[in-house]
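J.: I have a structure I would like to understand better, so I am pasting it below and will then ask my questions one at a time.
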Amino acid sequence: MASSTAAGSALAISAANPATQDAPGYAALAFTEVGQIDKIGSIGGVFAKVEFKLLKGPIQKHKGSVDYGSIQPSMANDEADAGQTLMRTAAADATSKLYSFMVTYPTGAKRYFGGRVFGFPEATDGADSILMATSTIEISTPIVKVAAS
Amino acid sequence: MTAPAKKKAHVISSFTDAGTGESFTADATPMIEAGVFANYEAAGLVRAAAAERKPRTPAKSKATATRRSTPRRGSTGTSDGARRRCQQVGTQRAAGARTDRPHRITIPPRSG
């Protein structure tokens, strides 16, 4: 498929968790879109590098544990938005409850994952700026990719 | 494919769902899909609406037996009707006995 701009992408959150960590499991959940988003962030796992330096030969590099990273979606603060309200609730949740997330690309492709909202700070900048909020979602499960249909 | 189940919700505070474009007003009671309701409920935006109460029908009055704690003024404690009833069942009551006490078989001593 040809490349695309990010315009039209969306982030959604669900308080439920899938029965199975795959496309059908996530597709069965009900997601609530987070409104007023202007940026989502980078999604994807990165493996830790484990090096072994041979006395004779090049350095060997092996894959260690995988970290699925985090995203920092930023948005115009809207207290009447259902998705943002659920994000605030997830951020205030002191338990280890996992929330489910869905990123939809403008092509129709989807990315599902489970994570925890570690923060939802609100920013008040200059007079000529919008009241913003920048959340931090730490991804704790493998990313499930669904191609555009 | 069956339609997802819906739940009746009570909206706590007004909000908008950016994904569907729907807006909900505080104190409204819309029907919401169960999965979406769970998200709204987790966010503290809605709660389950109270079950509708059936209109109360007036209770039929029952005749309840009441016991008179003290004898009626001027009575000896027994009425002619009560005496007849006691005689009919073969029991006797001492004159002046209270009517609110359980029936006891008492045989007065024969005189002479």
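The values are calculated or read from the model by the stated rules, or taken from the named source; none is laboratory data. Given the structure is predicted, the values throughout are model-derived calculations rather than measurements. With ideal geometry, Cβ positions are generated from the backbone for all residues, glycine too; neighbour counts draw on all protein chains shown. SASA here: full protein model, heavy atoms, side chains in, ligands and nucleic acids out. Shrake-Rupley method; radii C 1.70, N 1.55, O 1.52, S 1.80 Å.
J.: Restrict the check to segment A:48-58 and report whether at least one residue is aromatic (Phe, Trp, Tyr), surrounded by fewer than 16 Cβ atoms within 10 Å (Cβ to Cβ) and away from every other protein chain (no Cβ under 14 Å).
T.: So far as segment A:48-58 goes, yes, one or more of its residues are aromatic (Phe, Trp, Tyr), surrounded by fewer than 16 Cβ atoms within 10 Å (Cβ to Cβ) and away from every other protein chain (no Cβ under 14 Å).
J.: What is the residue count in segment A:119-135 for residues that are outside any strand (DSSP E or B) and over 19 Å from the mean Cα position of the chain (by Cα)?
T.: Residues that pass the stated criteria total 8.
J.: Name the residue, out of A:138, A:79, that is of a type in the set (D, E, K, R), under 14 Å from the mean Cα position of the chain (by Cα) and under 19 Å from residue A:15 (Cβ atoms). First the steps, then the outcome.
T.: Values: A:79 fails: under 14 Å from the mean Cα position of the chain (by Cα).
Just one listed residue meets the conditions, A:138.
J.: Considering (1) away from every other protein chain (no Cβ under 14 Å); (2) outside any strand (DSSP E or B); (3) loosely packed, with under 10 Cβ neighbours inside 10 Å; (4) free of Cβ contacts under 8 Å to residues at least 12 places away in the same chain, say which one residue A:95 fails and leave the rest.
T.: (1)
Yes or no, residue by residue, for (1) among the β-branched types (Val, Ile, Thr); (2) open to solvent by 40 Å² or more (accessible area, probe 1.4 Å); (3) in contact with a Leu (Cβ under 9 Å, 6 or more places away or on another chain); (4) more than 8 Å from chain A (Cβ to nearest Cβ):
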position: B:11; (1), (2), (3), (4): yes, no, yes, yes
position: B:15; (1), (2), (3), (4): no, no, yes, no
position: B:18; (1), (2), (3), (4): no, yes, no, no
position: B:21; (1), (2), (3), (4): no, yes, no, yes
position: B:32; (1), (2), (3), (4): yes, no, no, yes
position: B:38; (1), (2), (3), (4): no, yes, no, no
position: B:45; (1), (2), (3), (4): no, no, yes, no
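J.: Might you check whether a residue that is away from every other protein chain (no Cβ under 14 Å), at negative phi and in a loop (DSSP other than H, G, I, E, B) occurs anywhere in segment A:23-38?
T.: No, segment A:23-38 has no match at all.
J.: Looking at (1) open to solvent by 80 Å² or more (accessible area, probe 1.4 Å); (2) assigned to a loop (DSSP other than H, G, I, E, B); (3) over 23 Å from residue B:36 (Cβ atoms), find the lone condition where residue A:79 falls short.
T.: Going through (1) open to solvent by 80 Å² or more (accessible area, probe 1.4 Å); (2) assigned to a loop (DSSP other than H, G, I, E, B); (3) over 23 Å from residue B:36 (Cβ atoms) one by one, residue A:79 breaks only (3).
J.: On the basis of being open to solvent by less than 80 Å² (accessible area, probe 1.4 Å), away from every other protein chain (no Cβ under 14 Å) and not in a loop (DSSP other than H, G, I, E, B), does residue A:108 make the cut?
T.: On the way: open to solvent by less than 80 Å² (accessible area, probe 1.4 Å): yes; away from every other protein chain (no Cβ under 14 Å): yes; not in a loop (DSSP other than H, G, I, E, B): no.
Answer is no for this residue.
J.: Would you point out the residue of segment A:5-20, among those that are modelled with pLDDT of 95 or more and part of a loop (DSSP other than H, G, I, E, B), that is most open to solvent (accessible area, probe 1.4 Å)?
T.: Filtering first and then ranking leaves A:19.
J.: What do you reckon, is residue A:65 of a type in the set (S, T, N, Q), open to solvent by less than 20 Å² (accessible area, probe 1.4 Å) and modelled with pLDDT of 95 or more?
T.: So residue A:65 fails the test.
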